[in-house]
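> Before I ask anything, let me first share the structure, which is written out below as structure tokens.
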Amino acid sequence: MDASETFGFHTDRLSVLLFIAVFFGLVAWFLWRTRRGAQFYIRRIPGIDAIEDALGRATEMGRPVLYVPGVEEMYDIQTIASVLILGPVAERIARYGADLIVSCMIPFVMTVSQEVVKQSYSNAGRPEAFKQDNIRYISYEQFAFAAGTNGIMMRERPATNFFFGRFYAESLMLAETGLQTGAVQIAATAEISQLPFFIVTCDFTLLGEELFAASAYLSKEPKLLSTLKAADWTKVAVIGLILIGVVTHTIWADADPFFNWFTVK
Amino acid sequence: MSTAEIVGTWLAAFFTLAILSFLYKDNPLYKFAEHVFVGVSAGYQLVRQTFDVAWPNLLQPLWGGLHRDVDTLKAHPQWAFYSIPLAFGLLMFARLWKPIAHLSRWPMSYIVGAFAGTSIIGAASADLVIQVQSSMVNLRGTGPWTLIDNPFSLALSTFGLVCALIYFFFSKEHKGALGVVARIGVYFMMVSFGGSFGFTVMGRLSLAVGRAQSLLVRTPLNPHAPWPALVGVVVVTALIVIWERKISPPSAGEG
């Protein structure tokens, strides 16, 4: 048994356990409050409010809406957030009677997106309007996917482009082409290195955690709202811990027990 | 150099220029290159996933186990359990037959749920605890003062971090003092995005220069340079001009 293990328990990872426990405790607390009828306030996020206008514009112009759920696998947290947002977005599109094209790089994401969009069209009372062929797998290769999605933008001329999820080097190629076609573009990613490209080419960009807030904001789903509230108060705790840590680490340097408690081995 | 390599070099030059023709406008040459690119990558991935993933990790152990292959039984004594992922994989194809299409949701739910569960520990450790610890800086610095490692820079980065974190607080309207702090957080982020943008643009330019060099500079891999690129420019330009004339023929009064 390792020195840091007590009865098979990794004491060196106690800090991780505590963070997870506090976070899930907060989620459970807010969920319990939601179920008892508590209403939570979430500040307005301009990029999310713009989604409604962008969808209205596409409907008025009679042109499709393009949704790209990132380029990562389904288990990536940003892809999960993106697919969660796709649900309410597809539901609104179904109500307005516009067309939705989803361009996917990962086959499994396409399958999940098809299920989500199909469900959304049913929720909107228009299951017959769902077009399975509009949820497309382009290619597993990053730049082939970018080339294929650019082709969709140039030929089918979507009036609105959504880039929600994790993106890498293809982000600028996609958003720049969308800009040339004159589409309203809204992007959301927590991939810090790609945010600058979206900021310069898109009409609205949701920064980092706003991507995760968007799914809760749009769906008003109690579980997601509770998670968002829990994340908010975890941030407050994190700010407090960082400030305490800065003071103690400045005083005791490497001998600081508070700082060392966070070391994960 | 083999004939295949020579043909490959010429094709690489042609397809590079065909893709670059998109800078002018969408045209049949770009569409051709795009479809070849997408098709070849789809075929390549199918072969790769089959022979590098499905065969060694799933099909081979099952096949060897069923045929009582000694090596397989030694390497995979629990080979029969592989029938579970095989069944889940096959359930994905249930989508193709409407009466049982709903069964395809089982493997999807399993994958999303399992990965979300297993990634919690890694995410909490790497994205939270370690980040929090890294943010607890020693304001006196850790050695001789440098541009980054000095009390002013360290205090400024801590201040920027706190302001940026406050920007991502969604439970209160960003008004008054909170609004001011959040706005300062946005300024900090924008400065960092600007730096990141410039850095990446430099990287992209260096990629473009590398591609141009590979087409124009004579190397063992491209012994005929710059001819493939020059011929490619002529061919691509000629084809685009022909296409332009075809879609917009000169009016009767012209010529």
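> Do any GluC sites (Glu not before Pro) in the range A:2-72 lie in a DSSP loop with no more than 12 other beta carbon atoms within 10 Å, and if so, which?
none
> Sticking with this structure for a sec: Find which of A:217, B:147, A:259 sits farthest along the positive direction of the dipole of the protein assembly as shown, computed with +1 on the beta-carbon of Lys and Arg, -1 on that of Asp and Glu, about the Cα centre.
Farthest towards the positive pole: A:217.
> Check which residues have an amide H placed less than 5 Å from residue A:70's amide H, if you skip close sequence neighbours.
Those qualifying (amide H under 5 Å, at least 5 residues apart or on another chain) are A:164.
> Note the angle between two axes, namely the Cα long axis of helix A:171-181 and the longest principal axis of the Cα atoms of chain A, as a number of degrees from 0 to 90, rounded to the nearest 10.
30 degrees
> Would you mind checking which residues have amide H under 5 Å from residue A:101's amide H? H placed 1.01 Å from N; only 5 or more apart, or other chain.
Close amide H contacts, sequence-distant or interchain: A:65, A:66, A:67.
> Lys/Arg Cβ at +1, Asp/Glu Cβ at -1, dipole of the range A:46-219 taken about the Cα centre: which of A:200, A:173, A:123 is farthest positive-ward?
A:123
> Collect residues whose amide H, placed 1.01 Å from N in the peptide plane, falls under 5 Å from the amide H of residue A:185; neighbours closer than 5 in sequence don't count.
Distant-sequence amide H within range of residue A:185: A:161, A:203, A:204.
> Determine ³J(HN,Hα), in whole Hz, for all residues of the range A:247-259 in sequence, where each value follows from phi through the Karplus function 6.51 cos²θ - 1.76 cosθ + 1.60 and θ = phi - 60°; x replaces Gly and Pro.
Rounded to whole hertz, the list is 5, 5, 5, 5, 6, 9, 6, 5, 8, 6, x, 5, 4.
> Follow-up. List the chymotrypsin sites (Phe, Trp or Tyr not before Pro) within the range A:15-115 that fall in a DSSP loop (any state other than H, G, I, E or B) and whose Cβ has at most 15 other Cβ atoms within 10 Å. Working shown, then result.
On the way: sites: A:19, A:23, A:24, A:29, A:30, A:32, A:40, A:41, A:67, A:75, A:96, A:108; in loops: A:40, A:41, A:75.
Those that pass, being in a loop and sparsely packed, are A:41.
> Explain nothing, just the number: dipole magnitude of the range A:46-219 about its Cα centre with +1 on each Lys and Arg Cβ and -1 on each Asp and Glu Cβ, in debye rounded to the nearest 20.
Charge dipole of the range A:46-219: 500 debye, to the nearest 20.
> Summing +1 for each Lys or Arg and -1 for each Asp or Glu, what net charge is found among the other residues whose Cβ lies under 15 Å from the Cβ of residue A:179? Each step should come with its number before you reach the end.
Values: positive: A:157, B:25; negative: A:170, A:176, A:203, B:26.
Value of the local net charge: -2.
> Taking a ≥ b ≥ c as the square roots of the Cα gyration tensor eigenvalues, with a/c under 1.5 meaning rounded and otherwise prolate when a/b beats b/c, else oblate, which class fits the range A:46-219?
In terms of gyration-tensor shape, rounded.
> In addition: With unit charges on the beta carbon (Lys/Arg positive, Asp/Glu negative), name the residue among A:250, A:94, A:139 whose Cα is farthest towards the positive pole of the charge dipole of the protein assembly as shown.
The listed residue farthest towards the positive side: A:94.
> Apply the Karplus curve 6.51 cos²θ - 1.76 cosθ + 1.60, θ = phi - 60°, to the phi angles in the range A:218-223 and return the couplings in whole Hz, x for Gly and Pro.
6, 7, 6, 5, x, 5
> Assuming R0 = 41 Å, can you tell me the calculated FRET efficiency for the pair residue B:47 and residue A:24, based on Cβ-Cβ distance, to the nearest 0.05?
0.40
> Find the eigenvalues of the gyration tensor of the Cα atoms of the range A:10-135, then list the square roots of 5 times those eigenvalues as equivalent ellipsoid semi-axes, largest first, in whole angstrom.
Values for the range A:10-135, descending: 33, 20, 14 Å.
> Listed here are the pairs A:223/B:172; A:118/B:25; A:265/B:172; B:31/B:246; which of them are more than 28 Å apart at the Cα?
Table pairs above 28 Å Cα-Cα are A:118/B:25; A:265/B:172.
> Okay, moving on. Can you show me the helix-derived [θ] at 222 nm for the protein assembly as shown, built from DSSP H runs with n ≥ 4 at -39,500 (n - 2.57) apiece and divided by the number of residues, rounded to the nearest 500.
Helix-only estimate at 222 nm: -20500 deg cm²/dmol.
> Determine ³J(HN,Hα), in whole Hz, for all residues of the range A:110-116 in sequence, where each value follows from phi through the Karplus function 6.51 cos²θ - 1.76 cosθ + 1.60 and θ = phi - 60°; x replaces Gly and Pro.
4, 4, 5, 4, 4, 5, 5
> OK, next. Mind checking the range B:1-76 for chymotrypsin sites (Phe, Trp or Tyr not before Pro) that DSSP puts in a loop (not H, G, I, E or B) and that have at most 13 other Cβ atoms within 10 Å?
Numbers: sites: B:10, B:14, B:15, B:22, B:24, B:30, B:32, B:37, B:44, B:51, B:63; in loops: B:24.
Sites meeting the loop and neighbour criteria: B:24.
Rule-based calculations on the coordinates, nothing more; no lab input. Quick caveat, the model's predicted, so the values are computed rather than measured. Note that we place each Cβ from the backbone using ideal geometry, even for glycine, and neighbour counts take in every protein chain shown.
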